[in-house]
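Below is one structure, written out as structure tokens; comments come after it.
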Amino acid sequence: MLRLVNRTAITMCLLVGVAHAEVPDGYWGIEQTQVILDTTMRVKLAPDLSHLSGAEFQALEELLAAGRVMNALYENQKHRGAAASKAALLELHQASGESIETQNLLDLYYMSKGPIATTLDNVRGPILPADAEQPGKNVYPFGLGRDEIDAFLAANPERAAEIRGLRTAVRRSSAENLAADIANLDAHPALDVLHDGLRARLQSEQADADSFYAVPYALAYAEELSEVRQHLLAASRLIRNESPDFAAYLQNRARDLLSGDYESGDASWVSGDFANLNIQIGSYETYDDALLGAKAFFSASVLARDASKSEALVDAMAGLQAIEDSLPYQHQKTVRSRIPVGVYEVIADFGQARGANTATILPNDADHARKYGRTILIRSNILSNPVLFANTKKRYDSVVDARFRDHLTSGGKFNRTLWHEVGHYLGVSVTADGQNLGDALGDRADLLQELKSDLVSLFAAPALRASGYHDDDSLRAQYADGVRRTLQIVQPRPEQPYQNMQLMQFNFFMELGLLEVDGDSAQLIVNYDRYHQIVYEMLEQVLQIQYSGDYEMAGQFISRWNYWDEKLHGELAKKMRDSGIYRRTIVRYHALGD
Ligand SMILES: [Zn+2]
């Protein structure tokens with residue numbers, strides 16, 4: 001619902017050239033927004049694109065246009081009031097003479113990718129008049145809770161695959177919803193062809209507001225996705241002669257968005273030989289679904305490949321089988337001999353992918369990964385950004401004893417990140433009884449998967465020293481970044497898999513003595529001589545749980561290591577927060593005219 005702005009509620013004044021305005025009730029005032037923005041770092045990505053060809057430049061415009069649609073789609077997936085509340089905020093901003101109050105709200109909206117922001121105390125709430133955040137965001141019926149959907153799935157187990165579908169939106173089976181979906185299908189005949197049985201299923205669904213059904217994203221977002229498809233096809237035509245593999249990928253992915261089946265695009269993306277441009281586009285990651293952890297959300301990243309840095313990694317990937325064979329478990333697999341790793345400059349990110357993310361590995365689909373492998377995208381201009389690294393270093397220095405501070409380098413971060421992504425390739429990929437880890441471990445799967453990859457990265461470091469990839473300094477730098485990674489400036493919320501698994505590592509490292517608090521300086525010291533053994537022990541337990549596929553065992557392990565003690569963690573967190581570090585990041589893009 002569009003909340004109209006009451007213009008008479010806005011009082012304006014001019015103070016040293018900056019417009020100020022009272023914002024209406026329900027909008028966060030400057031006292032709430034400024035404290036967050038004062039601790040927010042602003043980074044602008046403007047990679048050198050002079051090596052792109054003329055056709056690539058033209059194709060780039062189409063890819064960016066596709067990304068803009070994905071960005072709006074993502075905000076809509078996250079919150080049903082996203083578009084309306086943004087429109088109202090923009091109107092308020094204009095009416096206030098572009099006041100600092102409304103500009104702050106626009107910045108927070110941008111950074112939060114919607115109307116729900118996180119305070120410095122890690123509490124989430126709407127920054128403007130909008131509904132409270134829903135666990136299922138806007139891809140489940142509004143107000144749906146875990147108890148109701150669990151009860152429905154328990155009573156209707158045959159509906160689980162449909163309701164839990166990765167790329168489906170769940171609806172209440174009201175007559176109104178069913179009629180709207182059938183009308184939408186009528187309006188998009190291609191979907192009728194590509195989604196065999198969908199019409200029959202919608203027509204046979206009994207109207208019952210206590211029941212649920214799911215429709216493919218392809219139908220739920222038919223208009224927007226067909227717009228994205230047009231841009232991808234246009235880009236494909238533009239670079240067809242220069243970069244046929246990339247053109248084929250774009251064509252496949254354009255169709256994937258209509259079919260909801262990403263196999264063709266994933267295969268041609270992972271295995272293709274591209275020139276200077278790449279794009280990650282679609283819906284892959286489920287982190288935003290706090291209800292069932294099942295739904296993927298939309299994103300796009302438009303990237304320029306760094307050829308020389310990418311080629312430098314080819315040799316390093318040659319020794320992967322030996323690392324796999326040395327992992328602490330008994331069920332080693334044969335690792336692919338060719339792992340596509342590329343180093344990229346980020347041109348622009350959209351939707352879920354927007355931010356200071358340092359690397360990506362996709363696809364997640366276990367069958368696609370098994371058949372085609374996964375592509376690793378290292379985001380070089382984020383990893384080496386001096387503003388971001390200076391902030392990371394300041395935070396580290398505030399809690400680590402002076403003797404250890406200079407061990408942290410941006411090269412260490414690059415390597416830890418790279419080998420984390422490679423770590424996704426290694427270790428357990430199916431349980432003992434052949435299940436996908438996601439099916440077996442449910443909402444605990446993501447956390448364990450990320451934990452495994454972090455630990456594999458650290459586990460591999462000594463072997464990389466032995467092979468000559470590392471020297472002593474770069475090995476230590478990777479270890480230092482492994483410690484840096486575990487430090488939390490606030491207690492994680494339960495639904496944050498990354499932060500929670502990092503905290504678990506910190507606790508494991510402290511209890512076993514990789515880390516300790518120095519008696520004199522009251523700061524952390526790193527016992528590098530114990531590092532490998534302790535990483536080995538934690539990784540061994542994680543691999544055992546993943547291989548067993550035992551959901552209860554996973555829960556016990558997580559609760560054993562995931563704890564927060566105000567005296568220890570709280571004190572360290574406070575030191576880091578008080579060190580004057582930036583807490584958040586707003587990333588903007590030259591290519592988008594920012
Ligand atoms: Zn990861």
Compute the separation of the alpha-carbon centres of the range 105-141 and the range 47-68 and state it in Å as a whole number.
32 Å
In nm, to one decimal, how far is the N562 label point from the D210 one, both placed 7 Å along Cα→Cβ?
3.3 nm
Taking a label point 7 Å from the Cα of K309 along the Cα→Cβ vector, which residues of the range 341-364 have an amide N closer than 12 Å to it?
342-347, 358-359
Cα centroid of the range 198-236 to Cα centroid of the range 444-514, whole Å:
40 Å
R0 of 22 Å, Cβ-Cβ distance R577-R146: FRET efficiency to nearest 0.05:
0.10
Listed by chain and number, the residues whose amide H is under 5 Å from that of D289, excluding neighbours fewer than 5 places away on the same chain and using placed H, are K295
Ignoring ligands, DNA and RNA, what percent of the 1.4 Å accessible area of the range 190-311 is carbon and sulfur?
44 percent
In terms of the Cα gyration tensor, with a ≥ b ≥ c the square roots of its eigenvalues, is the chain rounded because a/c is under 1.5, prolate because a/b exceeds b/c, or oblate?
rounded
How do 398-410, 256-268, 327-339 rank on mean C-beta neighbours within 10 Å, highest first?
256-268, 398-410, 327-339
Taking loop as defined by DSSP and a crowding limit of 15 other beta carbons within 10 Å, which chymotrypsin sites (Phe, Trp or Tyr not before Pro) in the range 96-201 fit?
F142
Kindly flag which residue pairs out of K113/K413; K333/K452; K44/K78; K393/K574 have an alpha-carbon separation exceeding 22 Å in this structure.
K113/K413; K44/K78
Dipole magnitude of the range 193-335, debye to nearest 20 (Cβ charges: Lys/Arg +1, Asp/Glu -1, about Cα centre):
380 debye
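When only Cα pairs under 8 Å and 6 or more residues apart are kept, what is the percent relative contact order across the range 102-249?
Details: 131 pairs, mean separation 25.1, N = 148.
Averaging sequence separation for qualifying contacts and normalising by length gives 17 percent for the range 102-249.
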Give me the percent of Cα-Cα pairs in the range 13-69 that sit more than 13 Å apart, rounded to a whole number.
78 percent
From the protein chains alone at 1.4 Å, what is the descending order of accessible area for V346, V341, largest first?
V341, V346
When only Cα pairs under 8 Å and 6 or more residues apart are kept, what is the percent relative contact order across the chain?
15 percent
Percent relative contact order for the range 502-594, counting Cα pairs under 8 Å at least six residues apart, stands at 26 percent
Heavy-atom accessible area per residue of the range 122-237, all protein chains kept, 1.4 Å probe, expressed in Å², is 46 Å²
For the range 122-157, list residues with backbone N below 18 Å from a point placed 7 Å from the Cα of R201 toward its Cβ?
139-141, 152-157
Using alpha carbon centers only, the range 408-422 is separated from the range 517-594 by a whole-angstrom value of 16 Å
Near-label residues of the range 71-94 by backbone N, under 18 Å of a point 7 Å along Cα→Cβ of E22
92-93
Take each of the peptides 241-251, 484-494, average the number of other beta-carbon atoms within 10 Å over its residues, and list them starting from the highest.
241-251, 484-494
If you count the DSSP beta bridges with both ends in the chain, what percent of them are antiparallel, to the nearest 5?
75 percent
Counting only other residues whose beta carbon sits under 13 Å from that of H188, what net charge do I get with K and R as +1, D and E as -1?
-4
Pair I182, S53: separation of 7 Å Cα→Cβ label points (nm)
5.1 nm
Can you order the peptides 288-300, 510-522 by their average number of other Cβ atoms within 10 Å per residue, highest first?
288-300, 510-522
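The values are calculated or read from the model by the stated rules, or taken from the named source; none is laboratory data. This one's a predicted model, so the numbers in the text were calculated from it and none came from an experiment. Positions of Cβ are generated from backbone atoms using ideal geometry, with glycine treated the same way; all protein chains shown enter the neighbour counts. Ligands, DNA and RNA are stripped out before the accessible areas are found, and what is left, the full protein with its side chains, is counted by its heavy atoms. Shrake-Rupley method; radii C 1.70, N 1.55, O 1.52, S 1.80 Å.
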